[in-house]
Amino acid sequence: MDCFEFLEKIDNGIIDLVVIDPPYNMNKGKWDKFASQDAFFNFTYKWIDAVIPKLKDTGSFYVFNTPFNSAYILQYLIGKGLVFQNWITWDKRDGFSATKKRYTNGQETILFFTKSKEHIFNADKIRVPYESEDRIKHAKVKGILKNGERWYPNPKGRLCGEVWHITSERLKNKVNGKTPKLPHATTKPLELIERIVNASSNKEDLVLDCFMGSGTTAIACKELGRNFIGCDSNKGYVDIARKHLHEIEKQKKLT
Ligand SMILES: C[S@@+](CC[C@H](N)C(=O)[O-])C[C@H]1O[C@@H](n2cnc3c(N)ncnc32)[C@H](O)[C@@H]1O
């Protein structure tokens, strides 16, 4: 279903978390092609306007895009009264350059906004390993003196920063330097979406993704005990997502 038709059917103020990986205007498929930059931003601002009323007052809004497009989207979301939280840089461990006149593109942006300052954020659920294991080994025993107090590392790791080093699906699936044709051209890594879902929702919360593609957000929600609602205008992608979800259900029944 088209996102605009879908969003009209949803009540306002019922969504805890929106995770949206929309078209980037990069011609990754027919769905990612626009007549002009203006046409792309008109479409982007239109879906943003349709999504914002669906959020609860405690809700969070994550939107993916290129850094360039994100600069415009950030301004637009601020204009709509949302609260800016982070500009997350996803370092894809992957890059492609069509020119030697500038640096290779290897990142995508994830803007993290909330409807208010009363949002959910489970910082302890998304801790990541400390970088300097040697220093931490020592600190576990003796602690480190900081401003006159002894600090001991958290056994679950350090608080998660806003630069995420997560290998892209394209790179993960390379065989002998070549990437086979994947079921969806822009599937996001599950661990990346799981981090967002863990951080910004609780069990049984309702998560929305109206550009769900191969269903990574739906899968993360299923794995983490959240409710999910979403759509994609391409039936083939919705079928792929359904298949993944059925497989997870089957596995869960077996264990
Ligand atoms: C970047 S992809 C999402 C990929 C997804 N995050 C994943 O991990 O598989 C964007 C998706 O938006 C869908 N799409 C584009 N325009 C749409 C529209 N107007 N309504 C609903 N879906 C749309 C495309 O079919 C595409 O699958």
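Read-outs throughout are calculated quantities, based only on the coordinates presented, and are distinct from any laboratory measurement. Since this is a predicted model, take the numbers as computed values, not measurements. For neighbour counting, all protein chains shown are included, and Cβ atoms are generated from backbone atoms with ideal geometry for every residue, glycine included.
General observations
- Cβ charges +1 (Lys, Arg) and -1 (Asp, Glu), total dipole of the stretch 114-199, debye: 160 debye
- The alpha carbons of the chain give a radius of gyration and a Dmax of 19.7, 62 Å, in that order.
- Cross-link pairs Lys33/Lys235; Lys9/Lys125; Lys54/Lys250; Lys92/Lys117; Lys28/Lys56 - those with Cα-Cα distance over 28 Å: Lys9/Lys125; Lys54/Lys250; Lys92/Lys117; Lys28/Lys56
- Based on DSSP H segments of at least four residues, each scored -39500 (n - 2.57), the chain has a per-residue ellipticity at 222 nm of -10500 deg cm²/dmol.
- Put in line by how crowded their Cβ is, counting other Cβ atoms within 10 Å and starting with the fewest, Ile88, Ile10 read Ile10, Ile88.
- Annotation note: GluC sites (Glu not before Pro) in the stretch 83-138 located in DSSP loop regions with a Cβ neighbour count of at most 10 within 10 Å are Glu131.
- Exposure proxy ranking, count of Cβ atoms within 10 Å, fewest first, for Ser233, Ser168, Ser200: Ser233, Ser168, Ser200
- Loop-located GluC sites (Glu not before Pro) in the stretch 143-191 (DSSP state other than H, G, I, E, B) with a sparse environment of at most 13 neighbouring Cβ atoms within 10 Å: Glu162.
- In this simple spin-label approximation, Asp91 and Asn154 carry label points 7 Å from Cα along the Cα→Cβ vector, and these lie 2.1 nm apart.
- For Lys146, the lysines whose Cα comes closer than 19 Å to its Cα, not counting residues fewer than 8 places off in the same chain, are Lys137.
- Each of Trp90, Trp31, Trp151 was scored by other Cβ atoms within 10 Å of its Cβ. Listed from fewest to most, they are Trp151, Trp31, Trp90.
- Extending 7 Å from Cα along the Cβ direction at Met26 and again at Glu223 yields two label points whose distance is 2.2 nm.
- Loop sites in the stretch 181-255: chymotrypsin sites (Phe, Trp or Tyr not before Pro), DSSP, at most 14 other Cβ within 10 Å: none
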